[in-house]
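One structure is given here, and the rest of the page talks about it.
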Amino acid sequence: MTHVSPDTVVRQLGWRYAVKRFDPSKRIDAPTWQALEQSLVLAPSSFGLQPWRFVVVDSPALRTQLRAASWNQPQIEEGSHLVVLAIRKPLGAADVTRWIERLHAVRGTPQAELAGYQKMIQGFIGRPGFDTDGWAARQAYIALGQFMVAAAMVGVDTCPMEGIDPAAYDRILGLPATGYATVVACVAGYRSAGDAFASLPKVRYPHADVVVHVR
């Protein structure tokens, strides 16, 4: 198996930044985008439950509407691709059952052997007062992080966007009827030569201030 070198990982993560202006003339080619979609599909989640859906907005007209629901930030329209990360809402026992059935179908594990696992997951998400929406949103951010790292590894720029109106996104994309709700968006593409932020040094606290080894 081919591995990316440690130097490559650090270099690409240093190269990555939240792009403020994309070059609208540059498009992500199909094989690269397919790999980035797979990075979302392959993202880890607690219990493997995957309480999410990734909505790739191909329609220019919809992206124009979404820009208005995103503080008019130009990235929404300028980037090559826009993906909206949504969570299952409400998340419940039926979603756990669906996951158990998927485990059975893919691995062939008898459902009787999965009954205890199913009960444990349902007990976890069904606890009184448990914030299932907040928990599902945290899972979506795991997928967002994997997507952004994967993009950096193949030289694709990204801009994660929380400066959006989730309710407006839901309405524009028709998400309420699907049982999903917007959490965050991410634009992918290639930085504009005119984006002044591209040449600025990355500002982070020193390594020793944020990484502590406990022995």
Can you tell me which residues in the stretch 12-30 are closer than 20 Å to Gly145 by Cβ and among the hydroxyl-bearing types (Ser, Thr, Tyr)?
-> Tyr17
Options Gly134, Gly123, Gly129: the member that is loosely packed, with under 14 Cβ neighbours inside 10 Å and outside any helix (DSSP H, G or I) | Gly129
Is at least one residue of the stretch 55-63 of a type in the set (Ser, Thr, Tyr), closer than 13 Å to Ala140 by Cα and out of contact with any strand residue (DSSP E or B) (no Cβ under 8 Å at 6 or more places or on another chain)?
-> no
Taking the condition over 30 Å from Thr8 (Cα atoms), over 24 Å from the mean Cα position of the chain (by Cα), at pLDDT 95 or above and surrounded by 15 or more Cβ atoms within 10 Å (Cβ to Cβ), does Tyr180 pass?
-> no
If you scan the stretch 183-214, which residues turn out to be surrounded by 10 or more Cβ atoms within 10 Å (Cβ to Cβ) and of a type in the set (Asp, Glu)?
-> Asp195
Residue hits (the stretch 142-177; free of Cβ contacts under 8 Å to residues at least 40 places away in the same chain, farther than 18 Å from Gln50 by Cα, surrounded by fewer than 17 Cβ atoms within 10 Å (Cβ to Cβ) and not hydrophobic (A, V, I, L, M, F, W, C)) are Glu162, Arg171, Gly174, Pro176
Extreme residue, farthest from Gln65 (Cα to Cα), among residues of the stretch 81-103 that are in contact with an Asp or Glu (Cβ under 9 Å, 6 or more places away or on another chain) and not hydrophobic (A, V, I, L, M, F, W, C) | Pro90
Per the filter on the stretch 80-104, residues more than 24 Å from Ile125 (Cα to Cα) and either among the hydroxyl-bearing types (Ser, Thr, Tyr) or touching a Pro at 6+ places or on another chain (Cβ under 8 Å) (or both) are Ser80
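Would you call Ala115 within 26 Å of the chain's Cα centre (by Cα), of a type in the set (Gly, Ala, Ser) and either in a helix (DSSP H, G or I) or over 12 Å from Ser46 (Cα atoms) (or both)?
Numbers: within 26 Å of the chain's Cα centre (by Cα): no; of a type in the set (Gly, Ala, Ser): yes; either in a helix (DSSP H, G or I) or over 12 Å from Ser46 (Cα atoms) (or both): yes.
Here the answer is no, as Ala115 does not meet what is asked.
The values are calculated or read from the model by the stated rules, or taken from the named source; none is laboratory data. Note that this is a predicted model, so its numbers are computed, not measured. A quick note on method: Cβ atoms are made from the backbone with ideal geometry, for glycine too, and the neighbour counts reach across all protein chains shown.
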